[in-house]
Amino acid sequence: MIPTDLQQAYNEHCQIRLTQYQAAMQAAGTQWLIVDSGGLQTRFLDDTTYPFRLNPYSARLAPLQSFPESLMIIGHGEQPALLLYQPEDYWHAVAGLDCPAIEQRFTVKTFSQIERLLQEAKAITGGQAVAYLGERPQRFDHAQPNPTLLLAYLDFQQAVKTGYEITCIRRANQIAAKGHQAVAETCRTTTSELALHLKYLETIDASDDTLPYDNIIAGNQHAAILHYTLRNDEPQSMKSLLIDAGATYLGYCSDISRTYGNQPGLFADLIAQLDTLQTALCDSIKPGVVYTEYHHQASLGIAELLVDNNIITCSKSQAKEQQLAGVFFPHGLGHLLGVQVHDRGGHQADTRGTPNPPPEKYPHLRFTRTLATDQVFTIEPGIYFIDQLLKQAHSDGRGKHFNWALIETLKPFGGIRIEDNVRVTEQGSENLTRPAF
């Protein structure tokens, strides 16, 4: 499960994270913490289940993606317990744990019956103060479910990654990059979005269930839909393709976007220019700067780019003052990244969960904190030609500064997004994505 070359790093990671969990428990006034891995959810009026997704608060401590119905029990001073559910079942395959690194950090016990597993958890925690993290608090009526202060503490701390986590995210980028490269080669011919998606899965040896999020494979005008996941199965000539796809490694995610134009002209030029802007943003990352400032710089750079290409016809200063770039760049620059694609804690000011919301002019920004060493997040500026937003700009007067004839020629290409995963270092930044390509 955890390869030999990562076992020492995992041991150090566990020590750091367990110390943080215990500090969070102390802040919340609890003696014991039960972390539920989560269970299999049955579909409505059916006998099949949805794919299992591990509770992120469990995933941060061990890659137990194949162990639903299991529990972690964390106390103060004691070695944490890992209670694994391994039923005797001839209908389904049952995972086994063969991982010395995890067995070194946890006291591992296995149970073939859920009732026995739950009884063991209650016996360990006794009648003392107990907190529970998970989606089924009714299993432990003596525990405080999902304490706000405890969650806030963990979410804030999680933004800074351990060496083990950074390595996992780096390897997830290396896996995803292979899929991106395979799709880039295939999209030059007449093909379908579904075929490209299947090519990606085949290349990285993954299934839909093991992806960190639903792949976006958006050909032509579909690239103007920010979270397009329909994947048309009809072959078409790809004038443009936007692919937003990631991978996982030991539960940690990568999140990468690339856009391709298959003919020379303005759209291909815009891709190259946005790539230059995105690279400069990644290179400028450093600790001590509020992430909101980078979104602001991205918006200014996109405004200049649109004026330079005569898509916006007013001066650069006027385009910036009226925030005209927002019509073409409606989402935030990026988000925290970890065992969740959108790691929690991006809008917190401290471990107590004090809100740090995005500014009114950038309402969709997911990350507003001051950058610190070993935070990992995405940088993903975009330019899109979205009918809904263009119509709003036309009706409210902003559209008087737009070259509508030129925009009509660009709308069939949809849009552009370029996204890398970036780590903050002591002096600047490390791009975890570009070296993988």
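Points to keep in mind about this one:
- Of all residues in the stretch 130-160, those that are of a type in the set (D, E), open to solvent by 10 Å² or more (accessible area, probe 1.4 Å) and either assigned to a helix (DSSP H, G or I) or free of Cβ contacts under 8 Å to residues at least 12 places away in the same chain (or both) total 1.
- Residues that are over 25 Å from Q427 (Cβ atoms) and among the polar types (S, T, N, Q) were ranked within the stretch 246-288; the one that is nearest to the chain's Cα centre (by Cα) is T248.
- Tally of residues being farther than 22 Å from V341 by Cα, touching a residue at least 60 places away in the same chain (Cβ under 8 Å) and in a helix (DSSP H, G or I) across the stretch 285-314: 6
- Residue count for the stretch 250-303 satisfying the condition of being under 19 Å from A325 (Cβ atoms) and modelled with pLDDT under 95: 0.
- Residue within the stretch 379-399 that is more than 18 Å from A224 (Cα to Cα), open to solvent by less than 20 Å² (accessible area, probe 1.4 Å) and touching a Gly at 6+ places or on another chain (Cβ under 8 Å) present: yes
- Residue satisfying all of: in the stretch 9-23; of a type outside the set (A, V, I, L, M, F, W, C) and more than 14 Å from Y57 (Cβ to Cβ); surrounded by the most Cβ atoms within 10 Å (Cβ to Cβ) among these: Y10
- Filtered residues of the stretch 378-400 (kept if out of contact with any helix residue (DSSP H, G or I) (no Cβ under 7 Å at 6 or more places or on another chain) and touching a residue at least 40 places away in the same chain (Cβ under 8 Å)): T378, E380, G382, D387, Q392
- In the stretch 245-258, of all residues being open to solvent by less than 10 Å² (accessible area, probe 1.4 Å) and part of a strand (DSSP E or B), the one that is nearest to Y10 (Cα to Cα) corresponds to Y252.
- Selection count, the stretch 387-437, where residues are among the hydrophobic types (A, V, I, L, M, F, W, C) and under 24 Å from the mean Cα position of the chain (by Cα): 7
- Of all residue pairs spaced 6 or more apart or on separate chains, those with beta-carbon atoms under 7 Å, a first member in the stretch 24-36 that is open to solvent by 10 Å² or more (accessible area, probe 1.4 Å) and a second member that is aromatic (F, W, Y) are A27/Y153.
- Positions within the stretch 145-157 being closer than 16 Å to Q22 by Cβ and polar (S, T, N, Q), in sequence order: Q157
The values are calculated or read from the model by the stated rules, or taken from the named source; none is laboratory data. Predicted model, so just to flag it, every value in this text is computed and none were measured. Positions of Cβ are generated from backbone atoms using ideal geometry, with glycine treated the same way; all protein chains shown enter the neighbour counts. Side chains are part of the model used for accessible areas, which takes the heavy atoms of the whole protein and leaves out ligands, DNA and RNA. Shrake-Rupley method; radii C 1.70, N 1.55, O 1.52, S 1.80 Å.
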